[in-house]
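I have placed the structure first, in the form of structure tokens, so that the comments after it can refer back to it.
The values are calculated or read from the model by the stated rules, or taken from the named source; none is laboratory data. All values derive from a computational prediction rather than experimental measurement. Methodologically, a virtual Cβ is constructed for each residue, glycine included, from the backbone with ideal geometry; neighbour enumeration extends over all protein chains shown.
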Amino acid sequence: MALFSECMQGCARKVLDTADIVREAIFRQQCRKGPCLGGWPADEVTLCIDEMLRKTILQESWKPGSLMKAIVYHRYGSPDVLRCEEIEKPTAGDNEVLIKVRAASVNPYDWHFMRGTPYLLRMMAGLRKPKATRLGADVAGQVEAVGRNVTQFKPGDAVFGMCKGAFAEYACASASALVTKRDNLTFEQAAAVPIAAFTALQGLRNQGHIQPGRRS
């Protein structure tokens, strides 16, 4: 990917040089035929073409870097509805963290959203088809970028927690839904924790009404 980016940047520089050549050609045309080109002031045409060329090549040169692979689904059903597609890479919001996914785990939670059952769930997820097309909640990985309000994490940190769309190369999560991964914990082990841990905690605290010092 690094080599590819360097090649694209080289192409971008070449086309930007071409933009300069086009601008110079228009300037010469202006000198020969007067101050206007097709009713447009020659200097405005020069700036317009120059700007369009620059914007186009910069957008196209970085386009591959803005895509990622992800597991998506566009209708409810069996695992056959899942597809691996290239989609736009997400960007972190002000209070979010962009994670380079190293591991993710599958839960009944994901199965319910894939199937769209129980049907009451579709009131939130979408009646006929899913509103959110990505699955996966448990995630572990490395911080790729942080939002402007995030101070507890920085790029390169190893984290785990919950997000939306963990079955992908990158995923965004609220900073409050993540914690730092300990060094003695693998990414795979960390990704298996969040929903399972919450479920266990609910069983002990909410259903079992466990109290400090209690023995069973």
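Remarks
- Test: residue in the range 126-134 that is under 21 Å from LEU98 (Cα atoms) and buried (at least 17 other Cβ atoms within 10 Å of the Cβ): yes
- The residue pairs whose first member lies in the range 148-177 and is touching a residue at least 24 places away in the same chain (Cβ under 8 Å), whose second member is surrounded by fewer than 20 Cβ atoms within 10 Å (Cβ to Cβ) and of a type in the set (Ser, Thr, Tyr), and whose beta carbons are closer than 7 Å, counting only pairs six or more residues apart or on different chains, are ALA158/THR180; VAL159/THR180.
- Test: residue in the range 120-142 that is of a type outside the set (S, T, N, Q), farther than 24 Å from ASP80 by Cα and modelled with pLDDT of 95 or more: yes
- Qualifying residue in the range 74-84 (condition: in a strand (DSSP E or B) and surrounded by fewer than 16 Cβ atoms within 10 Å (Cβ to Cβ)): yes
- Of all residues in the range 90-105 being surrounded by 17 or more Cβ atoms within 10 Å (Cβ to Cβ) and out of contact with any Asp or Glu (no Cβ under 7 Å at 6 or more places or on another chain), the one that is nearest to PHE187 (Cα to Cα): ARG102
- 1 or more residues aromatic (Phe, Trp, Tyr): qualifying strands (runs of 3 or more DSSP E) within the range 93-192: 158-162, 170-174
- For GLN202: the one exception among (1) modelled with pLDDT under 95; (2) in a loop (DSSP other than H, G, I, E, B); (3) not β-branched (Val, Ile, Thr): (2)
- Filter result for LYS131 (farther than 25 Å from VAL72 by Cα and in the same structural domain as ARG102 (by TED's automatic domain parsing)): no
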